[in-house]
Amino acid sequence: MTMKYKDNPQAVADLVRPAEVHRDLYIDDEVFELEMKHLFASTWVYVGHESQVPNAGDYFATEVAAQPILLARHTDGEVYVLHNRCPHKGTKIVIDRAGNTGKFFRCPYHAWSFRTNGKLLAIPLKKGYKDTGFEQSEAGQSGLPPVGAVKNYRGFIFVRMKQEGISFEDFFGGSLSSLDNMIDRSPVGKLEVAGPPLRYMHSCNWKMLVDNQTDTCHPMVAHESSAGTAVEIWESLEKDENTKTPMAMEVIAPFMSPYEFFEDMGIRTWPNGHGHTGVHHSIHSDYSAIPGYLEMMAEAYGEERAKAILGENRHNTVYFPNIMIKGPIQQLRVFIPLAANKTLVESYIFRLVGAPDMLLERTAMYNRLINAPTSIVGHDDLEMYERAQEGLHCQELEWVNVQRLYEEGEDLDLEAVENGTTERQMRNQFHAWKKFTVESMEAEARDLADA
Ligand code: FES
Ligand SMILES: [Fe+2]
């Protein structure tokens, strides 16, 4: 490896220009390691939803910042986020993605055991450590170590891996309105994950997925083969005034909307890399009403507020760095970076507690049609990511352009609403990428110099 970027915050900062970014951001292994260590550790990263671990002893295992992590529900009712690593010799404590461990975790190697809040419970043949100073060792003190900071926001669990850093509220700011809207769509203000996610491995950099969530110039082009074909077939069928548009058609047809539709829908950006498409309307605006739902919402919130909640049709909200949510259909996609050219994508759907089942039916249909490993739409995108991952190795061109509707002096630390085809949200993400990665690298350099 070249070691061009390690210990060189300036070289990393130089990868991001106001309206273009260097290809190494997507293809360089050293950059990948640095962004896991610095960006993913300094920011608030989504881990999971509390409904994935409803009972004491339930756990859910995932990766954050390329490290094994687990969520566990303890007997005190709290959800703990712990490093999934035995303090003895490093064995991963759980390897299943989810399950119930009972009263304690037991390491499969030498049977050290831990409470579900991570505390060391017992070690077999403990007398062998007598008078060895074991209590002072890392292994003797740590149990399964907690992550730096945890925030359970209305059931959504985020962590900051570092002990110190930006607060949850400062990091997300006004962007929490998208999560609020998704949750408020339940008459009782509560969501539950509905089943396991659809998992889909992508041979590309995680940022290609994040960029794509607010890329509004691609649907009518890249999805012509899937959505375009579906629309063409539907239009060719004989219909009369009694023919109902099938739910699947309602879901897929808006992907073929023209550029003007996407320009008019607007993009909002918030500081620290967050933003959403669909300010004024979106591909979710014209779904048919679900019988009885508005009435339930009006009873719970009052008519005016119920209409305001359901009138928000935000399309994709990016919570930088690693998730996208869709409020109107209660969906969350998490992008789990595994290597510079490998990303695991998990698409979760939620049940709106207290709302009609037909909403979940539509959400599940959307997920299968658009995001499943067997979907027809998601593959169009994957094909483009993989082509870009290969194309970026071209030595002739070094920069990736994100200049659309750029204006000199653009201030990404201010919230803004713009034309829906702007690439401002992508610039916003790279601005945050640079800020958090470089700040953390500089802090590390200072700590080393002080030591
Ligand atoms: S590695 Fe876990 S008990 Fe030995
Ligand atoms: Fe797409």
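The values are calculated or read from the model by the stated rules, or taken from the named source; none is laboratory data. Only a predicted model underlies this, so the values are computations on that prediction, with no experimental measurement involved. Cβ: placed from backbone, ideal geometry, glycine included. Neighbour counts: every protein chain shown. Protein only, heavy atoms only, side chains kept; ligands, DNA and RNA dropped before computing areas. Shrake-Rupley method; radii C 1.70, N 1.55, O 1.52, S 1.80 Å.
Summary table
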{"item": "Meets criteria (crowded, with 21+ Cβ neighbours inside 10 Å and either more than 23 Å from PRO197 (Cα to Cα) or of a type in the set (Ser, Thr, Tyr) (or both)) for LEU25", "result": "yes"}
{"item": "Matching entry among ASN117, ASN152, ASN181 (being among the polar types (S, T, N, Q) and either touching a helix residue (DSSP H, G or I) at 6+ places or on another chain (Cβ under 6 Å) or at positive phi (or both))", "result": "ASN181"}
{"item": "Selected residue (criterion: least open to solvent (accessible area, probe 1.4 Å)) from residues of region 101-123 that are polar (S, T, N, Q) and in a loop (DSSP other than H, G, I, E, B)", "result": "THR116"}
{"item": "Search result, residues across region 411-422 that are open to solvent by less than 70 Å² (accessible area, probe 1.4 Å) and touching a His at 6+ places or on another chain (Cβ under 9 Å)", "result": "LEU412, GLY420"}
{"item": "Residue that is touching a residue at least 12 places away in the same chain (Cβ under 8 Å) and either in contact with a strand residue (DSSP E or B) (Cβ under 7 Å, 6 or more places away or on another chain) or among the β-branched types (Val, Ile, Thr) (or both), where the choices are THR374, THR437", "result": "THR437"}
{"item": "Qualifying positions in region 125-149 - within 15 Å of ligand 1 (Cβ to nearest atom), more than 22 Å from LEU70 (Cβ to Cβ) and exposed (fewer than 14 other Cβ atoms within 10 Å of the Cβ)", "result": "LEU125, LYS126, GLY128, SER137"}
{"item": "Single match in GLN389, GLN425, GLN403 (criterion: away from ligand 1 (no atom under 16 Å from the Cβ), surrounded by fewer than 22 Cβ atoms within 10 Å (Cβ to Cβ), polar (S, T, N, Q) and in a helix (DSSP H, G or I))", "result": "GLN389"}
{"item": "Restricting region 70-100 to residues that are assigned to a loop (DSSP other than H, G, I, E, B) and under 22 Å from ASN152 (Cα atoms), the residue that is nearest to ligand 2 (Cβ to nearest atom)", "result": "ARG97"}
{"item": "Subset of region 73-96 [within 8 Å of ligand 1 (Cβ to nearest atom) and either farther than 10 Å from PRO145 by Cα or modelled with pLDDT under 95 (or both)]", "result": "HIS88, LYS89, GLY90, THR91, ILE93"}
{"item": "Pair list, Cβ < 8 Å and 6+ apart or interchain, from region 269-285 residues that are within 11 Å of PRO328 (Cβ to Cβ) and crowded, with 24+ Cβ neighbours inside 10 Å to residues that are modelled with pLDDT of 95 or more and charged (D, E, K, R)", "result": "GLY278/ARG314; SER282/ARG314"}
{"item": "Enumeration of residues in region 398-412 that are touching a residue at least 40 places away in the same chain (Cβ under 8 Å) and either within 30 Å of SER347 (Cβ to Cβ) or of a type in the set (A, V, I, L, M) (or both)", "result": "VAL400, ASN401, VAL402, ARG404, LEU412"}
{"item": "Enumeration of residues in region 255-280 that are in a loop (DSSP other than H, G, I, E, B) and either within 16 Å of ligand 1 (Cβ to nearest atom) or within 29 Å of VAL45 (Cβ to Cβ) (or both)", "result": "GLY266, GLY278, VAL279"}
{"item": "Selection from region 182-193 of residues that are open to solvent by less than 20 Å² (accessible area, probe 1.4 Å) and either touching a Pro at 6+ places or on another chain (Cβ under 9 Å) or assigned to a loop (DSSP other than H, G, I, E, B) (or both)", "result": "MET182, ARG185, SER186"}
{"item": "Test set (1) in contact (Cβ under 8 Å) with a residue 24 or more places away in the chain; (2) open to solvent by 60 Å² or more (accessible area, probe 1.4 Å) - ASP380 fails condition number", "result": "(2)"}
{"item": "Any hit, region 258-269, residues being under 22 Å from the mean Cα position of the chain (by Cα) and polar (S, T, N, Q)", "result": "yes"}
{"item": "PHE255 touching a residue at least 40 places away in the same chain (Cβ under 8 Å), touching a Ser or Thr at 6+ places or on another chain (Cβ under 7 Å) and either of a type in the set (Lys, Arg) or within 30 Å of HIS431 (Cβ to Cβ) (or both)", "result": "no"}
{"item": "Failed item, numbered, when VAL251 is tested on (1) within 21 Å of ARG368 (Cα to Cα); (2) outside any helix (DSSP H, G or I)", "result": "(2)"}
{"item": "Selection within region 230-248 - outside any loop (DSSP other than H, G, I, E, B) and open to solvent by 60 Å² or more (accessible area, probe 1.4 Å)", "result": "GLU232, ILE233, GLU235, SER236"}
{"item": "Verdict on VAL16 being out of contact with any strand residue (DSSP E or B) (no Cβ under 9 Å at 6 or more places or on another chain), open to solvent by less than 30 Å² (accessible area, probe 1.4 Å) and under 24 Å from CYS204 (Cβ atoms)", "result": "no"}
